[in-house]
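Below is one structure, written out as structure tokens; comments come after it.
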Amino acid sequence: SFWFVPAVEVKIEVVIPEKERSKEEMSPNGKASPLIYKVNGTARHYHLEEHPIASNPYHNPKDVVEASVCHVKDLENGQMREVDLGCGKALLIKESGEFHAMGHKCPHYGAPLVKGVLSKGRVRCPWHGACFNIGTGDIEDFPGLDSLPRFQVKIEKEKVYIRASKQALQTQRRTKMMAKCISLSNYNLSSTNVLIIGAGAAGLVCAETLRQEGFSDRIVMCTMDRHLPYDRPKLSKSMDSHPEQIALRPKEFFCTYDIEVLTEMQVAAVDVKSKTAVFKDGFKMEYNKLLIATGNTPKTLSCKGKEMENVFNIRTPEDANRVVKLATSKNVVIVGASFLGMEVAAYLAERAHSVSLVELEHVPFKKFFGERVGRAVMKMFENNRVKFYMQTEVSELREQEGKLKEVVLKSGKVLRADVCVVGVGAVPATGFLKQSGINIDSKGFIVVNKMMQTNIPGVFAAGDAVTFPLALRNNKKVNVPHWQMAHMHGRIAALNMLAHGMEISTVPYLWTAMFGKSIRYAGHGEGFDDVVIQGDLDEMKFVAFYTK
């Protein structure tokens, strides 16, 4: 399938942020831009609803609310408070003697920011670590795509007043101002200024950042997936999610900001001399700047029966949905106590008749979290009816009438299985670059510098498929295959395509959610001598410090 914007003459225009205009966008000629995509060779048009553009955040007096929210002495420096304006809430902050007001919910998943951390002019989300500048509301660390709306604050007679748009109070998010393409009609279909291979978080943030920075030339993203960019971490945490429920942006967004997405398109080779990407079907596309953000490919089992029906790697929403359907009231075997394997086990524990987990180590997450935390997690799973088979591997998958029936372990144990999920790790999806001249390390990772540049000028790489120098590890080259980092990589790559000279300096952050408990991890630990635990491991209310 192709997603693309039709050829229309447009001049560069700055699009007003979401809080300053009605929700739907328009093209400059006053008509809604149609979005075209091909289904079975037939072009279909989708028009956005037509609404006038608002030019002023408070153009409509009915959309504005002003309220007294507290006394000036109610907040100390460094304090935050959630305040109610009658038709919605705001986050009031006092820092260095100044008051700031902004949205109170993180745009990523709606976390209450008042429970987060205020430090050095930024608020950090308590759930997944996104950071927002209190002066601008802009997102400065990830995950998530949108920024926070900012509201006017005034002090009168020792009272603090907030003036806000009702719409912004309702939406609690703001899409940054973005440019559009100057002219799509001049384009040759087989050439683009920026080509992005991969449509995950890194690819999408790169495209959005380019537009936010005023880039007004052609951007094409291509993906092997059949869907527009979606929230892949959700696949193992909320397995019955449909693609449209976990879409990172609605399809209208791509049309509005002239970001073209080619779905079900696989790049087979890159010729860096002629600056051309060659697709599997023979189609060629020239580029000026290239971002490679292909992520990774899950490892498969190597035993007899691995090709059998009902054996899954969770890669797409369809995979996840199918596993839930097949597992309901049936017997599930999960191979690998990885993040994916454990999250799938947790999700299916209530739904399946039985959940068995097979793992080579003697405790889950030992390498990551250490033995004590690993055991506490394992105990939580066992209390929820998950059975572990540790220090063993799968030797064979057995079928009955073409469908999976049993999983045989090297220990000799035979497990009943109607469905098997494999979560034994992944390898970088970089095989197509082998002859390209782009520097790839011995494990298949693309090597980049702090600006996400490869050894080839104009070629950048980001996300799970790269190793990059990590500042807090003395610039050691590391691979950090996590959602937050992919977002940041995409942003840094975009800024350096535009010659900003921006270096990456974020702290890696990941989270996992199981049985209503969330484990959050900050930093980058490659081995540790000691684990210092504060709190109660049995209650799963603790902080663990990994020291070396």
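The values are calculated or read from the model by the stated rules, or taken from the named source; none is laboratory data. Owing to the predicted nature of the structure, the values given are computational and were not obtained by experimental measurement. Counting neighbours? That spans all protein chains shown, and the Cβs are built from the backbone with ideal geometry, glycine included. Ligands, DNA and RNA are excluded from the accessible area calculation, which covers all protein heavy atoms including side chains. Shrake-Rupley method; radii C 1.70, N 1.55, O 1.52, S 1.80 Å.
Quick one: the Cα spread of the stretch 61-171 along its three principal axes, in angstroms, biggest first?
39, 32, 19
Enter the per residue convex hull volume of the stretch 168-309, computed from alpha-carbon coordinates, in Å³ rounded to the nearest integer.
Working: hull volume 21.4 nm³, N = 142.
Given the Cα convex hull of the stretch 168-309, per-residue volume reads 151 Å³.
Please report the carbon-and-sulfur percent of the accessible area for the chain; probe 1.4 Å, protein heavy atoms only, DNA, RNA and ligands left out. Let's see the in-between values first.
On the way: 11900 of 25100 Å².
Taking all protein chains in place, the chain shows 47 percent carbon and sulfur surface.
Give the dimensionless ratio obtained when the Cα radius of gyration of the stretch 260-316 is divided by 2.2 N^0.38 Å.
Details: Rg = 16.0 Å, N = 57, 2.2 N^0.38 = 10.2 Å.
In units of the globular-protein estimate, the stretch 260-316 measures up at 1.57.
Given the Cα-Cα distance of GLU156 and HIS362 and 0.36 nm per residue of separation, how much length would full extension add, in nm? If you can, show how the numbers build up before the last one.
On the way: separation 206, 0.36 × 206 = 74.16 nm, distance 6.41 nm.
Once the chain is fully extended between GLU156 and HIS362, it gains 67.8 nm.
In the stretch 111-194, which trypsin sites (Lys or Arg not before Pro) are in a loop and have at most 10 other Cβ atoms within 10 Å, using DSSP for the loop call? Intermediate values should be presented prior to the final figure.
Working: sites: LYS115, LYS120, ARG122, ARG124, ARG150, LYS154, LYS157, LYS159, ARG163, LYS166, ARG173, ARG174, LYS176, LYS180; in loops: LYS120, LYS157, ARG173, LYS176, LYS180.
In loop regions of the stretch 111-194 (DSSP not H, G, I, E or B), the sparsely surrounded trypsin sites (Lys or Arg not before Pro) are LYS120, LYS157.
Using Cα pairs closer than 8 Å and at least 6 residues apart in sequence, work out the relative contact order for the stretch 61-171, in percent. Walk me through the numbers before you get to the answer.
Details: 244 pairs, mean separation 32.1, N = 111.
Reported relative contact order: 29 percent.
Straight-line reach from LYS413: which aspartates and glutamates have a Cα under 13 Å away, not including same-chain ones fewer than 8 places off?
Of all the aspartates and glutamates, those that pass the test against LYS413 - Cα under 13 Å, at least 8 places apart if same chain - are GLU393, GLU396.
Would you mind getting me the FRET efficiency between GLN391 and SER119? Use the beta-carbon distance for r and R0 = 35 Å, nearest 0.05. Show your work: numbers first, answer last.
Details: r = 43 Å, r/R0 = 1.24.
For GLN391 and SER119, the calculated efficiency is 0.20.
Tell me, what is the FRET efficiency for GLN170 and LYS548 to the nearest 0.05, using R0 = 45 angstrom and their Cβ-Cβ distance as r?
Result of the calculation: an efficiency of 0.40.
From a point 7 Å beyond the Cα of LYS62 in the direction of its Cβ, which residues of the stretch 81-95 have a backbone N at a distance under 20 Å?
86-88
Using a 1.4 angstrom probe and counting only protein chains, how large is the accessible area of ILE314 in Å², to 10?
10
As an exercise, identify the GluC sites (Glu not before Pro) in the stretch 56-145 lying in DSSP coil whose Cβ has no more than 14 other Cβ atoms within 10 Å. Mind dumping the intermediate values first?
Values: sites: GLU66, GLU76, GLU82, GLU95, GLU98, GLU140; in loops: GLU76.
Here the sparse-neighbourhood loop sites are GLU76.
Need the full-extension length gain, LYS325 to ALA268, defined as separation in residues times 0.36 nm minus the C-alpha distance. One decimal, nm. Don't skip to the answer; put the middle values down first.
On the way: separation 57, 0.36 × 57 = 20.52 nm, distance 3.39 nm.
Stretched out fully, the LYS325 to ALA268 stretch lengthens by 17.1 nm.
Probe of 1.4 angstrom, ligands and nucleic acids ignored: what's the accessible area per residue over the chain, in square angstrom?
Numbers: 25100 Å² over 548 residues.
Using a 1.4 Å probe on heavy atoms only, each residue of the chain averages 46 Å².
Quick check: pseudo-label points 7 Å beyond the Cα along Cα→Cβ at MET177 and ASP536, how many nm apart are they?
5.2
Quick check: Cα centre of the stretch 404-442 to Cα centre of the stretch 69-100, how many Å?
One Cα centre to the other: 51 Å.
Measure off 7 Å from each Cα along the Cα-to-Cβ vector at ASN449 and ASN383, then give the distance between these two points in nanometres to one decimal.
Label-label distance for ASN449 and ASN383, simple model: 5.1 nm.
Along its principal axes, what span do the Cα atoms of the stretch 121-220 show, with the longest given first and each in whole Å?
63, 30, 23
If I take every Cα pair under 8 Å that is 6 or more residues apart in the stretch 221-286, average their sequence separation and divide by the length, what percent do I get for the relative contact order? Kindly include the intermediate steps, with their values, before the conclusion.
Numbers: 78 pairs, mean separation 21.7, N = 66.
It rounds to 33 percent for the stretch 221-286.
Do the alpha carbons of any pairs in LYS115/LYS517; LYS120/LYS366; LYS94/LYS115; LYS379/LYS517; LYS379/LYS541 sit beyond 24 Å of each other, and which pairs?
Pairs exceeding 24 Å: LYS120/LYS366.
Measuring from label point to label point, each 7 Å out along Cα→Cβ, what is the THR300 to GLU371 span in nm?
Each label point lies 7 Å from its Cα, and together they span 3.7 nm.
Against the globular-protein guess of 2.2 N^0.38 Å, express the Cα radius of gyration of the stretch 394-548 as a ratio, rounded to two decimals. Don't skip to the end; give the middle numbers.
Values: Rg = 20.8 Å, N = 155, 2.2 N^0.38 = 15.0 Å.
Normalised Cα radius of gyration, the stretch 394-548: 1.39.
Can you check how the C-alpha radius of gyration of the chain compares to 2.2 N^0.38 Å, as a plain ratio?
Working: Rg = 24.9 Å, N = 548, 2.2 N^0.38 = 24.2 Å.
That ratio works out to 1.03.
Assuming R0 = 51 Å, what is the FRET efficiency of ASP441 and GLU76, from their Cβ-Cβ distance, to the nearest 0.05?
On the way: r = 50 Å, r/R0 = 0.99.
Computed FRET efficiency for ASP441 and GLU76 comes out at 0.50.
Can you give the convex hull volume per residue for the Cα atoms of the stretch 349-403, as a whole number of Å³? Present the calculation step by step, with values, prior to reporting the outcome.
Details: hull volume 5.3 nm³, N = 55.
Expressed per residue, the convex hull around the Cα atoms of the stretch 349-403 is 97 Å³.
Using all alpha carbons of the stretch 311-424, what is the percent of pairwise distances in each 10 Å bin, ordered from the shortest bin to the longest?
Per 10 Å bin, starting at 0, the Cα pair percentages come out as 15, 50, 31, 4, 0.
Contour minus end-to-end for ASN474 and GLN245, with contour as 0.36 nm per residue of separation and end-to-end as the Cα-Cα distance?
On the way: separation 229, 0.36 × 229 = 82.44 nm, distance 4.03 nm.
Fully extending the segment from ASN474 to GLN245 adds 78.4 nm.
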